[in-house]
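A.B. asks: The structure follows.
The values are calculated or read from the model by the stated rules, or taken from the named source; none is laboratory data. What you are looking at is a predicted structure, and each value in this text was computed from that prediction instead of being measured. Every residue, glycine among them, receives a Cβ derived from its backbone with ideal geometry; neighbour counts consider all protein chains shown. These area figures cover heavy atoms from the full protein model, side chains too; ligands, DNA and RNA do not enter into them. Shrake-Rupley method; radii C 1.70, N 1.55, O 1.52, S 1.80 Å.
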Amino acid sequence: MSKDVYILGIESSCDETAAAVVKNGREVLSNIISSQIVIHRKFGGVVPEIASRKHIENVMPVIDAALQEAKVGLEDIDAVAVTYGPGLVGALLVGLSAAKSLAWASNKPLIGVNHLEGHVFANFLADPELEPPFMALVVSGGHTALLKVTGYNSFELLGQTRDDAAGEAFDKIARIMGLPYPGGPEIEKLALDGNPLAINFPVAKLDAPYEFSFSGVKSAVINYVHNQQQAKREINRADVAASFQHAVVDALVQKAVHALQETGLKKIVLAGGVSANKTLQNTLAEAVEKVGAQLVHPTPILCTDNAVMVACRGYFMYQAGMRSPLDLNAVPSLKLG
Ligand code: KG4
Ligand code: ZN
């Protein structure tokens, strides 16, 4: 039997400072997340300078807690995996500096992880039988993309959004409706009492089969709300939330199903914060089943930012012999695929 592999994962790309220990890529020994959401909520979104400062305060205690909960020491760790992009540069640098210092001091390999690939790999913890090739629908605060995962370390980007990311659209609509940051979960909650077919918010139809555009639907909602306000007509907020969510989910599902049909792939995974959305999970699961495919999505805690996904992605890179130099820099606009 081969030796067990323990990876320490570190994540600090946005407003969560997180560390985790994962055994053999599939077994979570610890998952520590220190969220700054309450702090940034006062400002209606993430304030980069505050995020960096909070990461500095939290990063070492969070790493210590992850090792302690996993009942391992640095000497038991096989490699340190860390998000090096995409994300806020000042935020990324904190986790990256901590990871580099630990790797250097303990003489363990450093593995730089693409945050978005991390989100995709959170699905390996949800489905023990998951293996490439499969399709991934990446829906985070900064990205919306269809990605073909052709191997554990090979990806093919089929298409992405031309403007807003799905999560960004949720956050912006929430903001104009006076809901707190982050907007996605708030819209989802409000939509529970609304009629998704009450208002028709059209999503742009693009010729490119795998590309998305959400700026049109966002403007349609903003215009609707303003027009109603100017006409002094009451707004049914739950209907607005439900109809907006319906429009976004519908566009995502249509493109994802098309991608499965074109590629013949039988599994699709959801990745990124918006994958926590139950309407998206349920609608997509039903739609892909009709074309003979199966949906996998992470457990709620692994949908949004965490370090388990970073450790999991790091494990597969470690097994493939991939290592990063100790002068690895943060890449704020690191690409997918
Ligand atoms: O992946 P993530 O935690 O951070 C990034 O890498 O961007 O994604 C955050 C995004 C935010 O835009 C947030 O509003 C959205 O995910 N989100 C949701 C839900 N939970 C988080 N959007 C819709 N429904 C949700 N339940
Ligand atoms: Zn993320």
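A.B. asks: Please express the shape of the range 39-171 as an equivalent ellipsoid: the semi-axes are the square roots of 5 times the eigenvalues of the C-alpha gyration tensor, given largest first in whole angstrom. Let's see the in-between values first.
C.D. replies: Details: eigenvalues 146, 107, 34 Å².
Rounded to whole Å, the semi-axes are 27, 23, 13.
A.B. asks: Per residue, what volume in Å³ does the convex hull of the Cα atoms of the range 192-250 enclose?
C.D. replies: Roughly 71 Å³ of hull volume per residue.
A.B. asks: Once fully extended, how much extra length lies between residue 4 and residue 192, figured as 0.36 nm per residue of separation less the alpha-carbon to alpha-carbon distance?
C.D. replies: 63.2 nm
A.B. asks: Could you check the spin-label model distance between residue 254 and residue 326? Points 7 Å from the Cα along Cα→Cβ, value in nm.
C.D. replies: 5.4 nm
A.B. asks: Taking only complete DSSP H runs, can you tell me which helices of the chain stretch 24 Å or more along their own long axis by Cα positions and average at least 1.0 on the Kyte-Doolittle scale?
C.D. replies: The qualifying helices are 89-106.
A.B. asks: For every helix of n ≥ 4 consecutive DSSP H residues, a contribution of -39,500 (n - 2.57) applies; sum these over the chain, divide by its total residues, and give [θ] at 222 nm rounded to the nearest 500 deg cm²/dmol. Walk me through the numbers before you get to the answer.
C.D. replies: On the way: 12 runs with 149 residues, N = 337.
Counting only the DSSP helices, I get -14000 deg cm²/dmol.
A.B. asks: State, to one decimal in nm, how far the label point of residue 126 lies from the label point of residue 261, with both points 7 Å from Cα in the Cβ direction.
C.D. replies: Label at residue 126, label at residue 261, 2.4 nm between them.
A.B. asks: Please state, as a whole number in µm²/s, the translational diffusion coefficient that the Stokes-Einstein equation yields for the chain at 4 °C and 1.567 mPa s, with Rh defined as the Kirkwood radius across alpha carbon pairs.
C.D. replies: Using the Kirkwood radius from Cα pairs, D works out to 64 µm²/s.
A.B. asks: Can I ask one more? When the Kirkwood hydrodynamic radius is evaluated over all pairs of different C-alpha atoms of the range 217-283, what value in angstrom, to one decimal, is obtained?
C.D. replies: Computed over Cα pairs of the range 217-283, the Kirkwood hydrodynamic radius comes out at 14.0 Å.
A.B. asks: 7 Å from Cα along Cα→Cβ at both residue 228 and residue 299: what's the point-to-point distance in nm?
C.D. replies: Between residue 228 and residue 299, the simple spin-label model gives 3.8 nm.
A.B. asks: Shifting gears a bit: Binning at 10 Å from 0, report for the range 121-208 what percent of all alpha-carbon pair distances ends up in each bin.
C.D. replies: Pairs per bin, as whole percents: 14, 34, 32, 19, 2.
A.B. asks: With springs only between Cα atoms under 10 Å apart, run a GNM on the chain and tell me which of 71, 218, 148 wobbles the most.
C.D. replies: Of 71, 218, 148, the Gaussian network model singles out 71 as fluctuating most.
A.B. asks: Moving to a separate point now. So what is log10(I(q)/I(0)) for the range 125-175 at q = 0.28, 0.29 1/Å, when the Debye sum runs over its Cα atoms only?
C.D. replies: -1.00, -1.03
A.B. asks: Whole angstrom only: what separates the Cα centroid of the range 57-130 from the Cα centroid of the range 279-309?
C.D. replies: 24 Å
A.B. asks: With a 1.4 Å probe and all protein chains left in place, how much accessible area per residue does the range 1-100 have, in Å²? Before the final figure, lay out the partial values.
C.D. replies: Values: 4150 Å² over 100 residues.
Using a 1.4 Å probe on heavy atoms only, each residue of the range 1-100 averages 42 Å².
A.B. asks: For a quick check of your reading of the filter: which trypsin sites (Lys or Arg not before Pro) in the range 1-62 sit in a DSSP loop and have no more than 15 other Cβ atoms within 10 Å?
C.D. replies: 3, 26, 42
A.B. asks: Find the centroid of the Cα atoms in the range 140-177 and in the range 236-261, then give the distance between the two in whole Å.
C.D. replies: Their Cα centres are 14 Å away from one another.
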